[in-house]
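Q: First the structure, which I've put down as structure tokens, then a few questions once you've had a look.
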Amino acid sequence: MRLPRSEHTSRPWRIHELTRDFRVEDVWALPTPGDRGDFPALVRGATALETSESASRTVRALFALRWKLGEIFGWDEEDAGVGGRVATLRDRLPPDLRGTAPEAGSSLPFEPLYLLEDEYAAEIANRTVHGVMHLGWVPRPEGGYRGQMAVLVKRNGPFGAAYMSVIAPFRYLIVYPTMIREIEREWPQRLAQHQGAG
């Protein structure tokens, strides 16, 4: 379920220290109920995401098209990314957050920034945007916790703004709803593995 931006901005997340010049693009509630210590299961699931293995043919096709367009137009070249076109947000990390990030484990080109007991952030950059995926672990009114995902973006000029406008319907109508359904379907197994390992 999509949430108002205030569901992210009103919480005392550490990501706010790093992204004052970013815009909160989306906030989503994730169907991942659990207990206080179950956040690592969500992070492992998110960082293991493989777009090429989505159950949705449409999602697989959209990502394949995006990567092909990036290849043709040079959107994703090394000099367009983190450490090239933009400085990494790791340079903004305070001492207590440095060295907390897990290794990247997904086909998505996100670079982990930090991991806490209830918060995870990773960044991505190309010729369109500098973006951050933020995961949080928030209390549920009925008890326990659930995941929450926010996407923060710094657009690369008029081109980046146009790009985000063009892809918005695909994100809201196809990509996010499908990915969230897949997270929901896989969550019981991921949660059981995490709790069994603990």
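The values are calculated or read from the model by the stated rules, or taken from the named source; none is laboratory data. Just so it is clear, the model here is predicted, and its values are computed rather than measured. In this analysis, Cβ positions are derived from the backbone assuming ideal geometry, glycine residues included, and neighbour counts consider all displayed protein chains. Just the protein is used for accessible areas: all its heavy atoms, side chains included, with ligands, DNA and RNA removed. Shrake-Rupley method; radii C 1.70, N 1.55, O 1.52, S 1.80 Å.
Q: How much of the DSSP beta bridge set in the range 43-159 is antiparallel, as a percent to the nearest 5?
A: Counting only bridges with both partners in the range 43-159, antiparallel ones make up about 95 percent.
Q: Check every DSSP H run in the chain and write down those whose alpha carbon atoms cover 18 angstrom or more along the long axis and whose mean Kyte-Doolittle hydropathy is -0.5 or greater.
A: Working: long enough: 57-73 (24 Å, 0.38); 157-170 (21 Å, 1.11); 176-197 (29 Å, -1.18).
Length and hydropathy pass: 57-73, 157-170.
Q: Among DSSP beta bridges whose residues both lie in the chain, state the antiparallel percentage, nearest 5. Working shown, then result.
A: Working: 30 of 31 bridges.
Counting DSSP beta bridges with both partners in the chain, the antiparallel share is about 95 percent.
Q: For P(r) over Cα pairs in 5 Å bins from 0, in percent, the choices are [x] 1, 7, 15, 20, 22, 17, 11, 5, 1, 0; [y] 1, 6, 8, 9, 9, 12, 12, 11, 9, 7, 5, 4, 3, 2, 1, 0, 0, 0; [z] 1, 8, 14, 16, 15, 9, 6, 5, 5, 5, 6, 5, 4, 2, 1, 0, 0; which was calculated from the structure?
A: Here the calculated entry is [x].
Q: Next question. Please give me, ordered by residue number, the trypsin sites (Lys or Arg not before Pro) of the range 98-198 that lie in loop per DSSP and have at most 11 other Cβ atoms within 10 Å.
A: Working: sites: 98, 127, 146, 154, 155, 171, 181, 185, 190; in loops: 98, 127.
Those satisfying the criteria are 98.
Q: Given only helices, namely DSSP H runs of n ≥ 4 each adding -39500 (n - 2.57), what is the per-residue ellipticity at 222 nm of the chain, to the nearest 500 deg cm²/dmol?
A: Values: 5 runs with 66 residues, N = 198.
Here the helix-only value at 222 nm equals -10500 deg cm²/dmol.
Q: At 1.4 Å probe size, with the rest of the protein present, what percent of the exposed accessible area of the chain is carbon and sulfur atoms? Kindly include the intermediate steps, with their values, before the conclusion.
A: Working: 5800 of 10350 Å².
So the carbon and sulfur contribution to the accessible surface is 56 percent.
Q: Rounding to the nearest 20 debye, state how big the charge dipole of the chain is about its Cα centre with +1 on each Lys and Arg Cβ and -1 on each Asp and Glu Cβ. Intermediate results must be reported in sequence, preceding the final value.
A: Numbers: 25 positive and 26 negative charges, 114 e Å.
That gives a dipole near 540 debye.
Q: What accessible area per residue comes out for the chain, rounded to a whole number of Å², with a 1.4 Å probe?
A: Numbers: 10350 Å² over 198 residues.
With the other protein chains kept in place, the chain gives 52 Å² per residue.
Q: Okay, moving on. Apply the a/c threshold of 1.5 to the C-alpha gyration tensor of the range 1-117 and tell me whether it is rounded, prolate or oblate. Intermediate values should be presented prior to the final figure.
A: On the way: a/c = 1.60, a/b = 1.17, b/c = 1.37.
Note, shape of the range 1-117 comes out oblate.
Q: Given axes a ≥ b ≥ c from the Cα gyration tensor, I'd like to know whether the range 102-198 is rounded (a/c under 1.5), prolate (a/b larger than b/c) or oblate. Present the calculation step by step, with values, prior to reporting the outcome.
A: Numbers: a/c = 2.12, a/b = 1.70, b/c = 1.25.
It is prolate, given that a/c is not under 1.5 and a/b is the larger ratio.
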